[in-house]
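> Dropping the structure in here first, questions after.
Read the figures in this text as sums done on the coordinates, not as results from a lab. The structure presented is a predicted model; accordingly, all values stated were derived computationally and were not measured. Glycine also receives a Cβ, built like all others from the backbone with ideal geometry; neighbour counts cover every protein chain displayed.
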Amino acid sequence: MKLDDSGRRDAGGTSSVVGRLAPSPTGALHLGNVRTFMWAWLSARAQGGRVLMRIEDLETPRVKAGATEKMLDDLRWLGFDWDCEMVTQSHRGHYYENIFDRLDALNAIYPCVCTRGDMFAALQGAPHEGDHELRYPGTCRSVSIEKTRKICADTRRTPAWRLKTEPGIVEFDDLLFGTQRIDPNAEVGDFIIARAPDNPAYQLAVVADDIASGVTEVVRGDDLIPSTARQILLYRLLNETPPRHGHAPLIVGPDGKRLAKRHGDARIATFRARGVRDERVIGTLAKWSGLIDDNIASLRELVPLWSWKKVPRERVVLTPEKLAEFQNG
């Protein structure tokens, strides 16, 4: 018997919940990362579930040397732990290739040689200000493999592989935001799932890894809500059951954008260097999450206090006043 939304255990008395932490070693661990990881860890532990660790290091140009070790050290200092051996995406090329082949056998993907400039030219109207991703109009969907190979040879382009999408709403229940209804075809069209059979893009890599690890609950930033609908399409094609999803509101700067240096130093390593206690960092984030009134707590102390009904849906704006809450050690 699966765990239901209330956190019940299966008939054998063992929790069937499997959550995960999935940091990317593209920079230093900061308050925004930790708050989302805290929600993921607490949600799984409060249900008696397991927490897995996965390093998402496929964005090779952005990966920083030594970042993985520093992130893991900061997480351990804050009280995080995880079960089973850590998984590193860059070591799993053969597994991704097998998943790619399954999609290819289903005729669900195709190679695309369009550049971003080609996509702009193919659109009838200019993209709106603030758009993060252009909707792909399907230019290469009907192009033969032979013609694609010729274009690649003539232009020295390497094709990307796109998933065929059809118009239709994907509906899922978010643990915090409730029912979500998204049409991936209308939003992004046929989206990229790989640069090569053994080099998946984000959407395919996380689905493949979560399936392999038996993940049943995914907690991540609310900016990834649109990605959940796309990933559900992949689960359906692979005949797998999607995990439950909960999306944590981001911590943003006063300008409403993701945390950056211009918003102040929110790195965990900086707090450690200043002598700030781990319980101060966790406690303050827990206070911002509606779990406690004080700002001193350990992760373990928060487990019995966790509830998706307590946490806010609003994003946290990191003002100088909020940063000052960490100055008292």
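> State the Cα centre-to-centre distance between segment 68-109 and segment 178-228 in whole Å.
14 Å
> Determine the dipole magnitude for the chain: charges of +1 sit on the beta-carbon of Lys and Arg, -1 on that of Asp and Glu, nothing else is charged, the reference point is the Cα centre, and the result goes in debye to the nearest 20.
So the dipole magnitude of the chain works out to roughly 460 debye.
> Shifting gears a bit: Quick one: grab the alpha carbon gyration tensor of segment 198-284, order the square roots of its eigenvalues as a ≥ b ≥ c, and give me rounded if a/c is under 1.5, else prolate or oblate depending on whether a/b is larger than b/c.
Taking the square roots of the gyration eigenvalues as a ≥ b ≥ c, segment 198-284 is prolate.
> Can you list the equivalent-ellipsoid semi-axes of the chain, largest first and in whole Å, using the square root of 5 times each Cα gyration tensor eigenvalue?
36, 23, 19
> Isolated Cys in the chain by the 4.7 Å beta carbon test?
Within the chain, the cysteines lacking a partner Cβ under 4.7 Å are Cys84, Cys114, Cys152.
> Taking only the alpha carbons of segment 25-70, what extent do you get along each of the three principal axes, in Å, biggest first?
Per principal axis, max minus min of the Cα coordinates gives 37, 19, 16 Å.
> How far apart, in nm, are the 7 Å Cα→Cβ label points at Glu314 and Trp77?
Reported label-point gap for Glu314 and Trp77 is 3.1 nm.
> Looking at segment 65-108, which GluC sites (Glu not before Pro) are DSSP coil and have at most 13 other C-beta atoms within 10 Å of their C-beta?
Counting only loop positions with at most 13 other Cβ atoms within 10 Å, the GluC sites (Glu not before Pro) in segment 65-108 are Glu85.
> Projected onto the charge dipole of the chain (+1 at Lys/Arg Cβ, -1 at Asp/Glu Cβ, origin at the Cα centre), which of Val87, Leu233, Ser24 gives the Cα projection farthest towards the positive end?
Most positive-ward Cα: Ser24.
> How far apart, in nm, are the 7 Å Cα→Cβ label points at Asp293 and Ala269?
Using points 7 Å along Cα→Cβ, the separation is 3.8 nm.
> Each label point is 7 Å from the Cα along the Cα-to-Cβ direction; what then is the distance between the points at Glu146 and Asp173, in nm?
5.2 nm
> I need the peptides 264-275, 46-57, 151-162 ranked by packing, meaning the mean over residues of other C-beta atoms within 10 angstrom, with the highest value on top.
Taking the mean over residues of other Cβ atoms within 10 Å, the ranking is 46-57, 264-275, 151-162.
> Grab the Cα-Cα distance for Lys261 and Lys64, subtract it from 0.36 nm times how many residues apart they are, and report the gain in nm with one decimal.
69.3 nm
> Going down the list Lys70/Lys257; Lys261/Lys309; Lys287/Lys309; Lys70/Lys287; Lys287/Lys322, which pairs span over 23 Å between their C-alpha atoms?
Over 23 Å Cα-Cα: Lys70/Lys257; Lys261/Lys309; Lys70/Lys287.
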